[in-house]
Amino acid sequence: MIDILLDALLDTLKTLPFLLGVYILIEYIEHRSSDKLVKGLRKLGPFGAIGGGLLGAVPQCGFSVAAANLFSGRLISVGTLVAVFLSTSDEAIPMLLSNPSSVGSLWKFIVIKTLIAIAAGIAVDAVLKFFKLEKQEEPFKEICAHCDCEHHSILRAALSHTVNIIIFILIVNIILGFAIEFAGEENIRRIMMTDSVFQPLITALFGFIPNCAASVVITQLYIDGIVSFGSAIAGLCTGAGVGLLVLFKTNKHMKQNFAVMGILYITAIVSGIIINFAM
C-alpha cells in the first residue's frame, strides 16, 4: 500500500514543474500580452504540429500536460495537441535505454512515433480548416471560468491553478495504482498476449490509462517479445501520460475531449496494424 502511494506521489510530482511553468506562461499572456501574440500562437499552422511532435518525443509526460493546458486556454490548435499526445512515450525511452538488447530499436520508436504525430497533427488541422469545424473561442475562458485570477498576481494565479490540478492528478493516480494492483499485472499481461492482427487494438486501448504504468507494461512486454513492434507503437501512441487527465479536467467541452481520444485511437491502431504488416 505504501509503495502504491509513493508511486502515485512521484508520478504526480514529475508533472509539477511543467504545470507551474505552463500556468505562469498562460497567466503572463492573459495579464500582459497583446492580441497579436494570442493570434500568433493560434496561427502556427503546420509548424504547430511539427513543434508539438518534436517536443512530445522528449522522454517526459510534462509536455503533454503543458499542451493540454495550452489547448484548454485556446492557445494551440487541436492538431498541435494531437501531435504532442501521439509522440509522447512517457517511460518507454528510459526503459529501452536501460535494456541493452532493445537499444537498437530505440531510434525506430522515436522516429516512427514522431513522424506519425506530425502527419496526424497536420492532417487534423487541415481537415478542421477545410470543413471550417474549428471555432475561434475566447482565450483563457475554460481555464479561468470559475476563478478570479485576473485580479491576482501572475505567480499567485499560476500557483492556484497548479495546486488545483496537482491534487486532482494525485487522487486519480492513487485510484489507478490500487486498480492496477487489484487487477494484477499478470492478468494484464495475459490479456495483451493475444497474438493476432488485432493486438494493436488492445495495446492502444490499454495505453489510454493516464499513468506511467501503461507505458511501463507495454514497453516491458515488447522487450520480452510478447507484443509486436507495431502493437507497442499503437499502445505508446495513445499513452500520453497524465496529459489526457489534465485535458478532461481543464477543458469542459467533453465531446471535444472524446473526439481527441478517438483521433488518437484510430491513428494508433491504423499505424500499429500497418507497421505489423510492413515488418
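Residue-level check: of (1) surrounded by fewer than 24 Cβ atoms within 10 Å (Cβ to Cβ); (2) touching a residue at least 40 places away in the same chain (Cβ under 8 Å); (3) in contact with a Lys or Arg (Cβ under 8 Å, 6 or more places away or on another chain), Val216 misses just (3). Restricting attention to region 90-138 and to residues that are part of a loop (DSSP other than H, G, I, E, B) and of a type in the set (S, T, N, Q), the residue that is farthest from Ile223 (Cα to Cα) turns out to be Gln136.
Every listed requirement among (1) over 17 Å from the mean Cα position of the chain (by Cα); (2) of a type in the set (A, V, I, L, M); (3) under 18 Å from Leu6 (Cα atoms); (4) modelled with pLDDT under 80 is met by Leu176 save one, (1). With respect to being among the hydrophobic types (A, V, I, L, M, F, W, C), at pLDDT below 70 and either out of contact with any Gly (no Cβ under 8 Å at 6 or more places or on another chain) or crowded, with 17+ Cβ neighbours inside 10 Å (or both), Ala145 fits the description. Return a yes/no flag: does region 118-136 have any residue that is aliphatic (A, V, I, L, M), touching a Phe, Trp or Tyr at 6+ places or on another chain (Cβ under 9 Å) and crowded, with 23+ Cβ neighbours inside 10 Å. Scanning region 118-136 turns up no residue that is aliphatic (A, V, I, L, M), touching a Phe, Trp or Tyr at 6+ places or on another chain (Cβ under 9 Å) and crowded, with 23+ Cβ neighbours inside 10 Å.
The values are calculated or read from the model by the stated rules, or taken from the named source; none is laboratory data. Worth saying up front: this structure is predicted, and the values here are computed from it rather than measured. Every residue, glycine among them, receives a Cβ derived from its backbone with ideal geometry; neighbour counts consider all protein chains shown.
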